[in-house]
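Beneath this line is the structure, given in structure tokens, with notes to follow.
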Amino acid sequence: MNTKIKRSTLVIAAIVLLLIVAGAFFAMKKKPDAANAPAAAKKAGAAPARPTLTVTVAQPEQTELTMTLAANGNVAAWQEASVGSESNGLRLAEVRVNVGDVVKRGQVLATFSPETINADVAQAKASLAEARANAADAAGNAARARTLEKTGALSQQQINQYQTTEQTAKAKVEAAEAVLAAQQVRGRNTQVLAPDDGVISSRTATVGGVVSAGTELFKLIRQGRLEWRAEVTSAELGRVAVGTPVLVVSASGAQVQGKVRSIAPTVDPQTRAALVYVDVPNVLQNTGIKAGMFARGDFQLGRSNAWTVPQASIVPRDGFNFLLVLQPDNRVTQLKIETGRRVGDRVEVLTKMPANARVVVQGAGFLNDGDLVRVVDAPAPAGAPVAAK
């Protein structure tokens, strides 16, 4: 029993001795660190803050920008003429033009077979000759009857009959002349003529086909003119006037310069938009603009001065645009802005900026509000003359 107690006492004493030695070791290690702490703190306070990034800056500039109004619409023919047949039941003998051909006013587009018309004209001429012969005979009989009127050889009734026959024969001559004229018109209608200068946009005429009067054979874009029918809201309609220049851009990217010809007098009650008709130059000169295309355009309303900054200085964050403005202590402040028009690599700033503000250009996207920066001169543009030393 005494032996067990002695062993327990020895174990406890050994543990206490180990704790005392460990405490002394940690105390000795901590003293040098505490002695060096003031020197380290002094050294840290003496070191200057390091810049976050090296950047270039620029000042906002006043730039003359074009005022525009954007709109969408469709391209259509200025006027599309329907060229049809004026003859009935004739066979198409020849078609001389196709889609895309440029034609002149009065040019022959197609011809019909003239055999039937020629026969009808010959018959009308024969009928006219017969009517004239009968009229001459009736006129002679009436003249003789009038000479015998005073002699009493013929009764008044017989004389009236001769005169009536003469007048009837004259009427038949006039009717025969009218029939001949109608047949001659049909003969001229065997040629389908272009009603105006323009471009053939559609063709349904087929050689050998028998068509009725009024059947459409061709469609013609008159004078080759197109128009862009822009939809402009009623709120913006007052800014557009006749003669305003317009830049029209098709879906393929083709651009053409046009001019406002007219403005619709009414506004669509459903969309609250009005049509503005813009003349587009000749269709053959603008291969990228075709009738039926959808196109967008900008009405060029004039020019005005505006404050602009380089596009690289604008930082989009969280759905908004910001500028990083350099402060006198070389730290940057984040400024929320609203942008406007763009021209080249410059963007209009609608938000009022501090006087003589300098904004970060190169490196703006890597900075946050309050960062310290180092400013260097912007590199000279490529090709700029180098100053002599």
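The values are calculated or read from the model by the stated rules, or taken from the named source; none is laboratory data. On a predicted model such as this, the values are computed, not experimentally measured, just so you know. Ideal geometry is used to build each Cβ from the backbone, glycine not excepted, and the neighbour counts take in all protein chains shown.
Right, residue 301: in contact with a Lys or Arg (Cβ under 7 Å, 6 or more places away or on another chain) and surrounded by 15 or more Cβ atoms within 10 Å (Cβ to Cβ) or not? Against the criterion (in contact with a Lys or Arg (Cβ under 7 Å, 6 or more places away or on another chain) and surrounded by 15 or more Cβ atoms within 10 Å (Cβ to Cβ)), residue 301 qualifies.
List the residue pairs whose Cβ atoms are under 7 Å apart, where the first residue sits in region 161-182 and is within 26 Å of residue 87 (Cβ to Cβ), the second is in a helix (DSSP H, G or I) and not hydrophobic (A, V, I, L, M, F, W, C), and the two are 6 or more positions apart or on different chains. Hits for this filter: 176/127; 179/127; 180/125. Sub-7 Å Cβ pairs linking a first residue in region 89-102 that is modelled with pLDDT of 90 or more to a second residue that is of a type in the set (D, E, K, R) and surrounded by 14 or more Cβ atoms within 10 Å (Cβ to Cβ), at least 6 apart or interchain, are 98/203; 99/203, ordered by first then second residue. Filter region 149-196 down to the residues that are outside any helix (DSSP H, G or I) and among the aliphatic types (A, V, I, L, M), then identify the one that is surrounded by the most Cβ atoms within 10 Å (Cβ to Cβ). Per the criteria, the residue is 192.
Considering only residues in region 352-368 that are within 16 Å of residue 316 (Cα to Cα) and at pLDDT below 90, the one that is surrounded by the most Cβ atoms within 10 Å (Cβ to Cβ) turns out to be 364.
Residue-wise test of (1) part of a strand (DSSP E or B); (2) modelled with pLDDT of 90 or more; (3) at negative phi.
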position: 220; (1), (2), (3): yes, yes, yes
position: 228; (1), (2), (3): yes, yes, yes
position: 238; (1), (2), (3): no, no, yes
position: 241; (1), (2), (3): no, yes, yes
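Within region 109-130, identify whether any single residue is β-branched (Val, Ile, Thr) and touching an Asp or Glu at 6+ places or on another chain (Cβ under 7 Å), and answer yes or no.
Yes, region 109-130 contains a residue that is β-branched (Val, Ile, Thr) and touching an Asp or Glu at 6+ places or on another chain (Cβ under 7 Å).
What strands (runs of 3 or more DSSP E), lying completely within region 248-353, carry at least 3 residues that are within 28 Å of residue 370 (Cβ to Cβ)? Result: 294-310, 315-317, 320-326, 332-337, 346-349.
Filtered by the rule that a residue be surrounded by fewer than 19 Cβ atoms within 10 Å (Cβ to Cβ) and under 11 Å from the mean Cα position of the chain (by Cα), region 203-254 gives 229, 231, 247, 249, 251, 252, 253, 254.
Tell me which residues, restricted to region 357-375, are in a helix (DSSP H, G or I) and either among the polar types (S, T, N, Q) or more than 37 Å from the chain's Cα centre (by Cα) (or both). It would help to see each step written out before you state the result.
We begin by selecting, within region 357-375, every residue in a helix (DSSP H, G or I); these are 364-366.
366 - this is the single residue of region 357-375 that is in a helix (DSSP H, G or I) and either among the polar types (S, T, N, Q) or more than 37 Å from the chain's Cα centre (by Cα) (or both).
Here are the criteria: (1) more than 25 Å from residue 102 (Cα to Cα); (2) aliphatic (A, V, I, L, M); (3) surrounded by 15 or more Cβ atoms within 10 Å (Cβ to Cβ). Tell me which single one residue 199 does not satisfy. Answer for residue 199: the failing condition is (1).
If you go through region 260-271 one residue at a time, do you hit one that is surrounded by 19 or more Cβ atoms within 10 Å (Cβ to Cβ) and out of contact with any Pro (no Cβ under 6 Å at 6 or more places or on another chain)?
In the first step, residues of region 260-271 are kept if they are surrounded by 19 or more Cβ atoms within 10 Å (Cβ to Cβ); the result is 260.
From the residues that got through so far, the ones that are out of contact with any Pro (no Cβ under 6 Å at 6 or more places or on another chain) too are 260.
There is at least one residue in region 260-271 that is surrounded by 19 or more Cβ atoms within 10 Å (Cβ to Cβ) and out of contact with any Pro (no Cβ under 6 Å at 6 or more places or on another chain).
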